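What follows is one structure encoded as structure tokens, with my remarks underneath.
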Amino acid sequence: MAAQEAWSRGSVAEALAICLRREHLRRTVRIALVVGVVLTLINQADVIIGGDATAGTWVKVALNFCVPFVVSNLGLLAGKRAEGALTPDDSGT
């Protein structure tokens with residue numbers, strides 16, 4: 001229970017520290033690249049290939065990469081939270 005309370009008091013800085021670790025970034029960036037390419041091919045390939053891409057199209061393409069990056073990091077943080085809830089806290093209780 002103490003681990004859950006400690007997590008709920010966690011800061012944005014702590015979450016960023018977890019997400020910016022090299023091994024985590026390597027995984028989340030790969031996920032974002034793969035999913036982003038697939039989404040772009042599905043949703044905007046015809047517009048881009050046809051030469052009709054506007055600034056709005058490129059914003060959508062960027063979001064195709066940003067959304068899976070954010071979602072994979074939220075999954076990472078949820079997993080870390082669950083890990084902390086399952087392990088004893090540092091106080092030895």
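Among the numbered conditions (1) at pLDDT 95 or above; (2) in contact with a helix residue (DSSP H, G or I) (Cβ under 6 Å, 6 or more places away or on another chain), the only one that GLY84 does not meet is (1). Pairs are defined by a Cβ separation below 6 Å, a sequence spacing of at least 6 or placement on different chains, a first member in the stretch 56-80 that is under 11 Å from VAL35 (Cβ atoms), and a second member that is crowded, with 17+ Cβ neighbours inside 10 Å and of a type in the set (Ser, Thr, Tyr); the pairs so defined are ASN64/THR40; PHE69/THR28; SER72/THR28. Within the stretch 38-88, the set of residues being over 30 Å from ALA13 (Cα atoms), surrounded by 13 or more Cβ atoms within 10 Å (Cβ to Cβ) and within 17 Å of the chain's Cα centre (by Cα) comprises just one member, LEU39.
The values are calculated or read from the model by the stated rules, or taken from the named source; none is laboratory data. Computed from a predicted structure; not experimentally measured. Please note: Cβ atoms are built from the backbone with ideal geometry, for glycine as well, and neighbour counts cover all protein chains shown.
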